[in-house]
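Remarks on the structure that follows.
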Amino acid sequence: MTIRITQQPEIQQFFREAAGLENAGGSERSKAIMLRILQETARIIEDLEITDDEFWAGVSYLNRLGASNEAGLLVAGLGIEHFIDLLADARDEAAGISGGTPRTIEGPLYVAGAPLSQGEARLDDGSEDGVATVMFLDGRVVDLHGKPIAGAIVDLWQADTKGNYSYFDKSQSDYNLRRRIVTDADGRYRARSIVPSGYGCDPAGPTQACLNQLGRHGQRPAHVHFFISAPGFEHLTTQINLSNDDHLWDDFAYATRDGLIGEVRFVDDSTQSAKRNVDGRFAEMTFDFQLRPALSEQATQRSQRPRALQA
């Protein structure tokens, strides 16, 4: 028989005290959130009859998750970050806001302060020359009427051929495969990069350990992340998933969305390679971004979530 005590007045009062609601100091918002966390945690323990061993295994897992700096990866893998996007979409629809390039998750691997270039940039440092396939990426940033947005900042970052990101992978140079590009008078940006690899969670890490318990893989398709910003326009957080990847529609982080597929074209023409000043096969991908007008100054800014900064 399941024993339930959470709704007893004395238990609810106990949670109010634990959440600080009987104290004058502190944050009222934090208290309200903590009260809900305590109430819902207690209900889970009751409803699912969580054993002591299961509870303390969960506490140990949270300690391991924090020590591995994988909490941001887990919330993506459990679909919570995608849910936040879906909720934002629903709020936009309710407010009559539509159009523009779809948003999708940021993920945990952004690093602030990448070098800023005008119009075009090379993203990679050349360390994978002869191994990686060169990729030329270009496109325009426009408004909802197709008018170019000059001076927009295209902030992009991606993995290398091993699926690793600079800063987090200490073998890579600072800001490798990370750049900010200011669009030209036609709203255009151009970048020379390499075809990125998809990646999987650390097989020995806590995120994959959780996914194993759920019978799920931890693989992501090849993709390129973007922040797009311009004065007077909504900040856009999105990513472009490469069309040729086997995990395109089987992304453990649920980031693939209609309207965010980059069609990759591989070119094996030596004449074209010579024009591009590359040796052998290369890839091309064009993707345009459409921004919505901002209804507030806050809408022009990205969220204040903690992010890495290169030392």
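The values are calculated or read from the model by the stated rules, or taken from the named source; none is laboratory data. Bear in mind the structure is a predicted one, so any value in this text is a computation, not a measurement. So basically every Cβ, Gly included, is an ideal-geometry build from the backbone, and we count neighbours across all protein chains shown.
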Requested in this report: Determine, yes or no, whether residue 208 is at pLDDT 95 or above, touching a His at 6+ places or on another chain (Cβ under 7 Å) and either buried (at least 18 other Cβ atoms within 10 Å of the Cβ) or at positive phi (or both).
Outcome: no
Report summary line: residue 187 vs (1) touching a strand residue (DSSP E or B) at 6+ places or on another chain (Cβ under 6 Å); (2) closer than 27 Å to residue 253 by Cβ: all pass except (2)
Query raised in the report: Of all the residues that make up region 246-270, how many are of a type in the set (A, V, I, L, M), in contact with a helix residue (DSSP H, G or I) (Cβ under 8 Å, 6 or more places away or on another chain) and not in a strand (DSSP E or B)?
Result: 2
Query raised in the report: What is the residue count in region 80-120 for residues that are more than 22 Å from the chain's Cα centre (by Cα), outside any loop (DSSP other than H, G, I, E, B) and in contact (Cβ under 8 Å) with a residue 24 or more places away in the chain?
Result: 3
Query raised in the report: Restricting the search to region 238-250, which residues are within 12 Å of the chain's Cα centre (by Cα) and within 18 Å of residue 80 (Cα to Cα)?
Result: 238, 239
Report task. Please find, within region 104-163, the residue that is surrounded by the fewest Cβ atoms within 10 Å (Cβ to Cβ) out of those that are of a type in the set (S, T, N, Q) and closer than 20 Å to residue 307 by Cα. Result -> 104
Report task. Select, from 218, 232, 198, the only residue that is among the small types (Gly, Ala, Ser), within 20 Å of residue 299 (Cβ to Cβ) and either touching an Asp or Glu at 6+ places or on another chain (Cβ under 8 Å) or surrounded by fewer than 23 Cβ atoms within 10 Å (Cβ to Cβ) (or both). Result -> 232
Query raised in the report: Restricting attention to region 246-270, and to residues there that are free of Cβ contacts under 8 Å to residues at least 40 places away in the same chain, hydrophobic (A, V, I, L, M, F, W, C) and out of contact with any Phe, Trp or Tyr (no Cβ under 8 Å at 6 or more places or on another chain), which single residue is surrounded by the fewest Cβ atoms within 10 Å (Cβ to Cβ)?
Result: 249
Requested in this report: Please work out if residue 273 is farther than 20 Å from residue 75 by Cα, assigned to a loop (DSSP other than H, G, I, E, B) and free of Cβ contacts under 8 Å to residues at least 24 places away in the same chain.
Outcome: no
Report task. Determine if region 136-147 includes at least one residue that is under 16 Å from the mean Cα position of the chain (by Cα) and either outside any loop (DSSP other than H, G, I, E, B) or free of Cβ contacts under 8 Å to residues at least 24 places away in the same chain (or both). Result -> no
Requested in this report: Just name the residue that is nearest to residue 287 (Cα to Cα) out of those in region 121-135 that are of a type in the set (Gly, Ala, Ser) and assigned to a loop (DSSP other than H, G, I, E, B).
Outcome: 132
